[in-house]
Amino acid sequence: MKKIFHLILTSLLLNISLLAVAQQDPAKQIDTFIREAMGQHHIPGLAYAVVKDGKIIHQGNYGMANLSWNMPVDSETAFQTASCSKLFAALLLGRLFEEKLLLPEQKLKELLDSIPPQWNEITIKQLASHQSGIAMADFSKASNSKEALELAKKQEMTHEPGTRSFYVSSDYWVLQYIIEQRTGKPYFEALKQYVLEPLGMQHTYVNNNTDNGIRTQHIIPKEAAVYAYQENGYVVSDMQFGKTGYTAGGLYTSITDMAKIAQVLDKGTFLKLETQQLLLTPVALKKEGNGTFGIGFIAQDYQGHKVSGHSGGPALADFVHFDKQKLTFIVLTNQRGFPPYLSFTLASFFIEGLQKPVLPKHM
């Protein structure tokens, strides 16, 4: 009898132990969290990746990329990344710095003719870190980068260049014009040459949208449709980015390609260390302190950790890199109506002591 009791007790303790391990298993935590979040926010499709020391240690695909055809998400599904496109622009700028086609401290008066006097001392680094002070223009009126530049020239200055970080600006449209002039190529062709092809990114695209009453754009393989959830149902809710501002937004990419950005940051083989640090470090303001952006990357302190990355949509793409830990959390979705908190929540399953983000009450 005692022997039977001992066996039962041992079995019970083992089951309790296995349950505790299962509860701590990040893969199970991720799966539970993602399924709950997709239900709560009505997310049709989602892909995620966790990258550590240059290796993908967790990756998953959920739901539908397209509700019209019930096309499931897979590792090649191309999601709209919106403002997360700036991460690709950052890598391109890093390569151009190293090729000496552009330099971080180059001033606009050295690169552009017939510009407003207030622009003369603005540097490439200030443009890329949202410190230029150039107010936002209506770039939907521009059909090419030259026209976008002319629109930007007409805008008032919101502040003295280099004295403040201000995200809503014309910085990246001006940058695109400069990149195209210095490389002699349309922006996406330059991106392919310097970034996508060297890194083997085979599922990153732009659609070259030219809406003018009729929607006209290139076909993107395995494109995820973008939705909003309204009045108990889904509607297509796709932001159309013009080709004059692909530096700022409008790239489509797969979870596999986006993970390669994290991998090259960890390995440090794509860019020189000093170049990479420039991208990930907050750019100093002229008068005091630092801004909130590096080159293309948001650079901030998060609960005592140095992190860099970006979000876009606001929640179509979310990329968070914990610099010291070499841990990156990436989530791509096709529903843009909720806060970009998913990646930071994934991080809480891996980084001891990290608190989960607190959502607004209305969410």
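What follows is calculated from the coordinates using simple rules that are stated; it is not laboratory data. Keep in mind it's a predicted model, so treat the numbers as computed, not measured. Neighbour counts run over all protein chains shown; Cβ positions are idealised from the backbone, glycine included.
Results, tabulated for the structure shown:
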quantity	calculated
GNM top mover of V331, V236, V226 - the chain, alpha-carbon springs below 10 Å	V236
Charge dipole (debye, nearest 20) of the chain; +1 at Cβ of Lys and Arg, -1 at Cβ of Asp and Glu	660 debye
Alpha-carbon Debye profile of the chain, log10 I(q)/I(0) at 0.12 Å⁻¹	-0.89
Within the chain, helix-based [θ] at 222 nm, where runs of 4 or more DSSP H residues each add -39,500 (n - 2.57), nearest 500	-9500 deg cm²/dmol
Antiparallel DSSP beta bridges within segment 222-327, as percent of all bridges there, nearest 5	100 percent
Distance from segment 155-199 to segment 333-363 (C-alpha centre basis), Å	29 Å
Residue (of M38, S170, L108) at the positive-pole extreme of the chain, dipole from beta-carbon charges	M38
Taking T275, T247 and counting other C-beta atoms within 10 Å, the order from fewest to most	T275, T247
Proxy reagent accessibility, fewest Cβ within 10 Å first, across F241, F166, F329	F166, F241, F329
Cα→Cβ-extended label distance, 7 Å offset, between H42 and A228, nm	1.1 nm
Candidates W119, W69, W173, ranked by Gaussian network fluctuation over the chain, Cα under 10 Å, top entry	W69
Fewest-first sequence of E110, E180 by Cβ atoms within 10 Å of each Cβ	E110, E180
Of all DSSP beta bridges in segment 26-348, antiparallel share, percent nearest 5	95 percent
